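The values are calculated or read from the model by the stated rules, or taken from the named source; none is laboratory data. Source: prediction; values computed, not measured. Note: ideal-geometry Cβ built from the backbone for every residue, glycine included; neighbour counts use all protein chains shown. For the accessible areas, the whole protein counts, side chains as well, though only heavy atoms, and no ligand, DNA or RNA atoms are used. Shrake-Rupley method; radii C 1.70, N 1.55, O 1.52, S 1.80 Å.
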Amino acid sequence: MRNKKKVVTSLLCGVSSLVLAAVPVMADADIQKYTNTDFAMDTVVSETLYTTGKDLNETVGDKIREIETGLLSWTDENSQIAKLNAASGETAEVSDELAGYLQKIFQLAEDSGGAFDPTIGKIIRLWDIDGENPHVPEQSELDELLKDAGYEKVSLDGDKVTLEKGATLDLGATGKGIGCDVVADFLKTQTEVSGMILNLGGSSVMAYGEKPNGSDWKVALTDPRDTEGDYLGAITLNGGEFLSTSGDYEKYFMEDGKRYHHILDPKTGYPVWNGLDSVTVICDSGLLADGLSTACFVLGMEDALKLLDKYDADAAFVDEDKNVYLTSGMKDRFELMKNTYTVRDLQ
């Protein structure tokens, strides 16, 4: 199993190029640049802000933590998701904000044929892949929990949510994306802000506005089999776009030479093994980028293309044979940085 301390260290190293002390640096005659490192949603957060006003990085971190503890956390009994789970079998009312997120989440679950499913939290915790006791569960244990899983076990009626008895919700697969959306909405109210890039652990990124010098926002893509070495490539983002990566290298343990990772197939309860190492998605929503990267990883390349088309999203698929497959809209954005990989067209 990967040591947790090592994971945090890796994340810090991965964002080191963006992380400096929160000291203003003049970017042009009026705009100042502020950079900061924070910790939220159980990951390292790096923030680079361009503004003619004050440094808002601390406020950004607070907003991410607020959305986690107030809405999304299944462990904080005061969060709306925790209260929904506690009311399993009964109808509960949620805020307009959470209802809006749930509507998108369950539409994605339906559109992906259940490849993305927010009701498998119990199964994820059974594996304990990121915990103190990662292990392969007994089939009987999985079968028992699979009975309570399935997005069809949740019904939405406006702000009213009903979970069948035994069913639970876990929005971890979209949590960082939702955090990015919340920050983007906040920045739209800050007229002094001209641009920002927000990176949550390297797996969810938001680009807002533009840099003072007009240069591109660029995001590094991790080599899934050399996570502490050189980056596999770089992807260009436009202001208003979001990027999310799902990979089998993020959380995993090894047993008998096999990699057991955290991206589970909702139909079997087992990690997905389909030849993919990672999937990176770009679209105009943080929530959807986050959910789509998971769904596309589970679906595999061929079926994922239909889903990407439906959501007007682009993707880069990295497979176990060191191929990088790019959708048409990703071709001009991606720059290969390792000659051990080969770029191939998907469409």
Report task. Assess whether residue 238 counts as being open to solvent by 50 Å² or more (accessible area, probe 1.4 Å), out of contact with any helix residue (DSSP H, G or I) (no Cβ under 9 Å at 6 or more places or on another chain) and of a type in the set (S, T, N, Q). Result -> yes
Requested in this report: Go through the residues of segment 286-299 one by one and say whether even a single one is part of a loop (DSSP other than H, G, I, E, B), in contact with a strand residue (DSSP E or B) (Cβ under 7 Å, 6 or more places away or on another chain) and touching a residue at least 40 places away in the same chain (Cβ under 8 Å).
Outcome: no
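Consider segment 213-266. How many of its residues are of a type in the set (Asp, Glu), part of a loop (DSSP other than H, G, I, E, B) and more than 30 Å from residue 135 (Cα to Cα)?
2
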Requested in this report: Write out, first by first residue and then by second, each pair whose Cβ atoms fall under 8 Å of each other, whose residues are 6+ apart or on separate chains, and whose first residue, in segment 160-174, is at positive phi while the second is open to solvent by 10 Å² or more (accessible area, probe 1.4 Å) and of a type in the set (Asp, Glu).
Outcome: 166/148
**Report entry** Filtered residues of segment 269-285 (kept if part of a loop (DSSP other than H, G, I, E, B) and either touching a residue at least 40 places away in the same chain (Cβ under 8 Å) or open to solvent by less than 30 Å² (accessible area, probe 1.4 Å) (or both))
**Finding:** 269, 270, 272, 275, 284, 285
Query raised in the report: With respect to residue 201, is the statement that it is open to solvent by less than 40 Å² (accessible area, probe 1.4 Å), modelled with pLDDT under 95 and within 20 Å of the chain's Cα centre (by Cα) true?
Result: yes
Report task. Determine which single condition residue 243 fails, assuming it passes every other condition in (1) modelled with pLDDT under 95; (2) under 18 Å from the mean Cα position of the chain (by Cα). Result -> (1)
Report summary line: Checked segment 226-262 for anything of a type outside the set (Ser, Thr, Tyr) and touching a Leu at 6+ places or on another chain (Cβ under 9 Å); matches are 226, 232, 233, 234, 235, 237, 242, 243, 247, 248
Report task. Please state which one of 319, 332, 303, 309 is surrounded by fewer than 22 Cβ atoms within 10 Å (Cβ to Cβ) and closer than 16 Å to residue 266 by Cβ. Result -> 303
Report summary line: Counting only helices (runs of 4 or more DSSP H) wholly inside segment 78-180, the ones holding at least 2 residues that are within 30 Å of residue 256 (Cα to Cα) and of a type outside the set (Lys, Arg) are 121-127, 139-146
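Quick one: which residue in 88, 112, 95, 140 is of a type outside the set (Phe, Trp, Tyr), over 25 Å from the mean Cα position of the chain (by Cα) and modelled with pLDDT of 95 or more? Step through it out loud before you land on a result.
Details: 88 fails: modelled with pLDDT of 95 or more; 112 fails: over 25 Å from the mean Cα position of the chain (by Cα); 95 fails: over 25 Å from the mean Cα position of the chain (by Cα).
Going through 88, 112, 95, 140 in turn, the sole match is 140.
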Query raised in the report: Of all residues in segment 63-77 being assigned to a helix (DSSP H, G or I) and acidic (Asp, Glu), which is most open to solvent (accessible area, probe 1.4 Å)?
Result: 66
Query raised in the report: Of all residues in segment 93-105, which are open to solvent by less than 20 Å² (accessible area, probe 1.4 Å) and in contact with a helix residue (DSSP H, G or I) (Cβ under 7 Å, 6 or more places away or on another chain)?
Result: 94, 98, 105
